[in-house]
Amino acid sequence: MTMCLKKLYKNHLQPQDIKFPEEILVKITVAVVEALKYLEDEHGIIHRDVKPENILLHKNGAIKLCDFGIAAKLSDEKAMKSGIATMLYSSPEPFVIQNDSPQLSSDFPPMFQDFVNQCLIKNFRDRPTYKILTDDPWFQLHKNVDANVCKNFMCLFAFLATVNDAFILGYAGCYAACMTICTAGGTVVGTAATAGVGVVAAAGISASACATQCAALCGPTLVAPV
């Protein structure tokens, strides 16, 4: 199972009032910066259309950057100066923007705020290079974060996305199925909640963490997937 971040959030998390955990956002940030640095260093290419629709999260924890339709070679001056990109996610260089740069919420740790805010500097001459970003203390601290955090999250998402039978089973059945998937540490096939769909379980997540997350997923706010 692979899904873009926009669809994952809009169709499956937002209706449950669930937000991406900070550790997942950290993993995504590190992976995207590494991917963009690789493209520039090894191939002389800039992506030019980084947005949630073009970031994929796989059930095995892998994060991938996709859709190179408007990518351009750094050596291609004409392409580099073109303003083609998704407007909402475009860099500010092609536009006259008077507002201050957006800032990451203070709900996040100061080092994470500082790292992201560096990436949001309007003047590209003041914006850090990928080399500076990957040498940043925050990046160095998190570059080897365990991919299991994504596996665990995708396990719970897989349950949420296939949980239709839980509305018949009620809270107890929903919770039991979720705990089975979350704590199994392998592949669960054919449980009532997954309706025969194989799901990679959340290897490494504690039983207490599973209990907390399953209680939240199967609680009173549970609504039918779109």
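The numbers here are math on the coordinates, done by the rules we state, and not lab data. Source: prediction; values computed, not measured.
Structure notes:
- When each of LYS19/LYS51; LYS10/LYS131; LYS73/LYS143; LYS64/LYS131; LYS51/LYS122 is checked by Cα-Cα distance, pairs over 22 Å: LYS10/LYS131; LYS73/LYS143
- Extents of the range 2-142, largest first, come to 45, 31, 31 Å (Cα atoms, principal axes, whole angstrom).
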